[in-house]
Structures are given as structure tokens and as C-alpha cells.
Amino acid sequence: MTDLELRVNDVVLEAAWTDEAPETVRAIRAALPLSGEASRWGDELYFRTDVDVGPEDAREGVEPGTIAYWPAGNALCLFWGPTPASEGDEPRAASPVNVVARVEDVAPLADLEGSASVELREG
């Protein structure tokens, strides 16, 4: 069963919650649906939210398909490939993020150019 639906422009991706940051997940779930015009930083999209939680098992290196909350910017982030902070192919955040969910298939994002309209809602 899919927990979440993530829409990036006209592409719909399925995602599932993780248990790595339960307090952050609770705060994001309470605020859903979340949407915004996302900025791009390498193979990462991020947009600001009204969610305000601190670091929770935060880290910089993440896996492709990670949906994370960035406490330093109150933003939701989607990683699918290298960013300017990466060393090699591993996605890397600018500063530690709380991992909250994972996208099942990031392949549809390979052709994404520039910024995007993003919406996260329960599936």
C-alpha cells in the first residue's frame, strides 16, 4: 500500500513513510497536503513549509528517492541524484535533514529541467 502521493509537475510518484524521524513525520502528516513551487539544487527539489521541527536523527548523506525535512529552512526536500554538496553519485543535503519518506521509483525525474510545482498528500 502506498502511503503518499508526490506530484512533481504532471508526474505522480508513490512514496512510503519511514520510521527514522517519527516526530517529524507526525508534524508533516498533520500539515498535509503540502505544496509549493520548488527550487532545484542539483538533483534535489525543495520548497518551504509552515512545518517547524528541529533535527531528528538528521544527516546529510541520503539515498536516491529520499523525501526529507530540512530543519534549517523549514523545507521539504526530494533527492534523486547528486547535489552540489555530493561527493560522487550519492545525494547530499546542504546541511542535515530528517528523513521522512522514500519514493519508490525516481526514474521519471531524470528528464526534469529547472524548478517544479510539487505537492505531497496522503495516498
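The values are calculated or read from the model by the stated rules, or taken from the named source; none is laboratory data. Small disclaimer: the values here were computed from a predicted structure and weren't measured. Here the Cβ is made from the backbone with ideal geometry for all residues, glycine too, and neighbour counts use every protein chain on show.
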- Name the one entry in Leu109, Leu6 that is touching a residue at least 12 places away in the same chain (Cβ under 8 Å), part of a helix (DSSP H, G or I) and in contact with a strand residue (DSSP E or B) (Cβ under 7 Å, 6 or more places away or on another chain). Leu109
- Message: If a residue must be within 12 Å of the chain's Cα centre (by Cα) and among the small types (Gly, Ala, Ser), how many such residues does the stretch 1-23 contain?
- Response: 2
- Does the stretch 72-80 contain at least one residue that is at positive phi, over 15 Å from the mean Cα position of the chain (by Cα) and surrounded by fewer than 18 Cβ atoms within 10 Å (Cβ to Cβ)? no
- Message: Going by what's in this entry, would Gly88 be described as among the small types (Gly, Ala, Ser), modelled with pLDDT under 95 and in a loop (DSSP other than H, G, I, E, B)?
- Response: yes
- Query: If you take the residues in the stretch 42-71 that are of a type in the set (A, V, I, L, M, F, W, C) and either at positive phi or assigned to a loop (DSSP other than H, G, I, E, B) (or both), which one is nearest to the chain's Cα centre (by Cα)?
  - Reply: Val62
- When the residues of the stretch 24-33 are filtered to those that are buried (at least 17 other Cβ atoms within 10 Å of the Cβ) and not hydroxyl-bearing (Ser, Thr, Tyr), which remaining residue is farthest from the chain's Cα centre (by Cα)? Ala27
